[in-house]
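The values are calculated or read from the model by the stated rules, or taken from the named source; none is laboratory data. Bear in mind the structure is a predicted one, so any value in this text is a computation, not a measurement. Positions of Cβ are generated from backbone atoms using ideal geometry, with glycine treated the same way; all protein chains shown enter the neighbour counts. Note: accessible area is taken over every heavy atom of the protein model, side chains too, but ligands, DNA and RNA are not part of it. Shrake-Rupley method; radii C 1.70, N 1.55, O 1.52, S 1.80 Å.
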Amino acid sequence: MTLLELEAVSYWYPGAAEPALDDVSLQVQPGELIVVAGASGSGKSTLLRTVSGLVPHFHGGRFAGRAVIGGRDTREHGPGDLAATVGTLFQDPETSVVMGTVKSEVALALENLGYSEAAVARGVQETALALGIGHLLGRSTAELSGGELQRVALAAAMAAKPSLLVLDEPTSQLDPVFGDELMATLRRLNEDRDTAILLAEHRLERCLAWADRVLAVDRGRIVCDAEPRDFLAWAMATAPELATPGARLLGRLGLPPVAGVKAARAELRAAGLHPGDGDPEAAPPRPPAARRDRDGLRFDRVWHELRNGPAILQGVSLRVAPGERVALMGANGAGKSTLLRHAAGLMAPTRGRIEGPGQVRLLLQTPTDYLVHETVSAEASPTALQAAGLDPVSFGPRHPRELSVGEKQLVALAVILDGPEPPAFVCLDEPTRGLDRGRKAELARLIVGLPGAVIVATHDPEFVAEFAERVILLGGGRVIADGATAEVLARGAYFATETARILGGAGGALTPEQGAAVLSAREAATTSLAEVRA
């Protein structure tokens, strides 16, 4: 039986002149793993809301066509009726988590479906173990980091073992290690339980290798429905912003695009181009000498200890000079957000000392906290909106709450950058959530162009490679690595770009352009040597 069927579905949000979905038809069979790709605002989230029944029952508006999930027509059955069939996780888990503790949040779906007490307990434990949140079960949901909260929301969606999982950027706030583990968990669900998965993602390199199909959405229409290899060929020719870094690397070398690190390495080896892991020329450059400036930001043996709890920061010492571009990376719960809050003066250390440049402007992980007006134009000036990559004319009249997560993120960025003078020091906590690759590139250019220093906490190494000159890696509240971007990221297994993983760190290359240049130079050198010997 077809698990999901959309027939000529069109949908307009209340008051919208253009449809968010335009004549969409789609079938999903049990056990399919389908990735949904597209730019921010293309209609991906609306498509997923339609599958979960939130469109039109929760959002209102005008709906045309037919959506049938598990044999139930959404015109007659709302999200509650579909809950046993569809498990849903959206981009903003902070708005979907409703219970006070992690254990009760994961148990809620099972209890609503009438499971016995023993079955609820077993389901909570199994799901917590599968997602690595067993240690969080006794914690308050209000105390969790953004990444931890996302894992809890995902556990709540998975606990009842639905036939279909609908996931909107489930890895957007997850560190690279758990992001990969999550994809492996989803693959096991897909293969062992025949669970169908509809997954919207901007970081396609994380999931394409395991997908059965890829749907590309543009202006509410499905413009490509193909296997990953064929999708990448289409993207390279039609929508290069959707192509993965590995596909762009191969394309620059004249090779056909493939999905995944393993497949890309195989293509390079077949062409005689792969440099091999452990190549002696692969050592990235040493970091520049630390800039020490009296006007910069200084952490001197800073600790932050919770009362009757763990130490979130443990003896952190670091300096950030004026004008530096620094990426702050590390696992979920490593202390990144806490460090930024200390830098901005929102938290005080329990031990140690912080000296800084005065006012620090901070953008936290929840952009809606910064949006308090009825229109975007009331939130920030046209100049600030333009600087954040938003057209003041088209976005100005819109209500901030009607924007996509990525668009809200950019408006919030405009809010903190607004003012008569540019800020001397800016801290951004996961600013790329909900942003497509093109928007990320614009944000990277904005960061590079700011006159002041910038620290960005992020899990996205591709984004880091575009703007950062230095990477600080946190682990367990301590600084475990601090150096030039290429040195920290080029040889990593998890904290590394796809290009670096494909090339094994050769030449310190982090981007497709750098990787192609390294391989082309080696090919030319090898050819010249062969000619000399001949």
Fraction of alpha-carbon pairs over 21 Å apart in region 410-534 - percent = 50
Taking a threshold of 32 Å on the Cα-Cα distance, which of the pairs 336/440; 161/440; 44/161; 103/336 fall above it?
-> 161/440
Express in whole angstrom the spacing between the alpha-carbon centres of region 103-138 and region 6-26.
-> 36
Report the net charge of residues surrounding residue 467, where surrounding means a beta-carbon distance below 13 angstrom and charges are Lys +1, Arg +1, Asp -1, Glu -1.
-> -2
Length released on extending from residue 238 to residue 59, taking residue separation times 0.36 nm less the Cα-Cα span | 61.2 nm
With a ≥ b ≥ c from the Cα gyration tensor eigenvalues, square-rooted, and the rule rounded for a/c under 1.5, otherwise prolate when a/b > b/c and oblate otherwise, region 17-120 is prolate
Where a ≥ b ≥ c are the square roots of the eigenvalues of the C-alpha gyration tensor, would you call region 105-149 rounded, which needs a/c under 1.5, or, failing that, prolate if a/b is larger than b/c, or oblate?
-> prolate
How much length, in nm to one decimal, is gained on full extension between residue 308 and residue 125, taken as 0.36 nm per residue of separation minus their Cα-Cα distance?
-> 63.3 nm
Here the net charge surrounding residue 115, from other residues whose Cβ is less than 14 Å away from its Cβ (Lys, Arg +1; Asp, Glu -1), is -1
Please give every one of the lysines within straight-line cross-link reach of residue 262, meaning a C-alpha to C-alpha distance under 21 Å, and leave out same-chain neighbours fewer than 8 residues apart.
-> none
Taking the Cβ of residue 72 as the centre, find all other residues whose Cβ is under 12 Å away and add up their charges (Lys, Arg: +1; Asp, Glu: -1).
-> -2
DSSP beta bridges in region 375-534: the antiparallel percent, rounded to 5, is 55
Please calculate the 1.4 Å probe accessible area of residue 336, with all protein chains present, and give it to the nearest 10 Å².
-> 20
Global form of region 80-165, assessed from the alpha-carbon gyration tensor, a/c cut-off 1.5 | oblate
Hull-based mean projected area of the chain, where the convex hull spans the alpha carbons, in square nanometres | 26.4
Roughly speaking, what is the stretch gain from residue 373 to residue 194, that is 0.36 nm per residue apart minus the C-alpha to C-alpha distance, in nm to one decimal?
-> 59.9 nm
Evaluate the distance, in nm, between pseudo-label points positioned 7 Å from the Cα of residue 266 and of residue 520 along their respective Cα→Cβ axes.
-> 2.7
Helical mean residue ellipticity (222 nm; -39500 (n - 2.57) per DSSP H run of 4+; nearest 500) of the chain | -10500 deg cm²/dmol
How far apart, in nm, are two points set 7 Å out from the Cα along the Cα-to-Cβ line at residue 184 and at residue 139?
-> 2.1
So for R0 = 51 Å, FRET eff. of residue 73-residue 255 from the Cβ-Cβ r, to 0.05, ends up at 0.65
The distance between the Cα centres of region 351-381 and region 298-337, in whole Å, is 19
Hypothetical label at residue 346: residues of region 423-457 whose amide nitrogen lies under 11 Å (7 Å Cα-Cβ projection) | 427-430
Return a whole-number percent for the relative contact order of the chain, with Cα pairs under 8 Å and 6 or more residues apart as the contact set.
-> 15
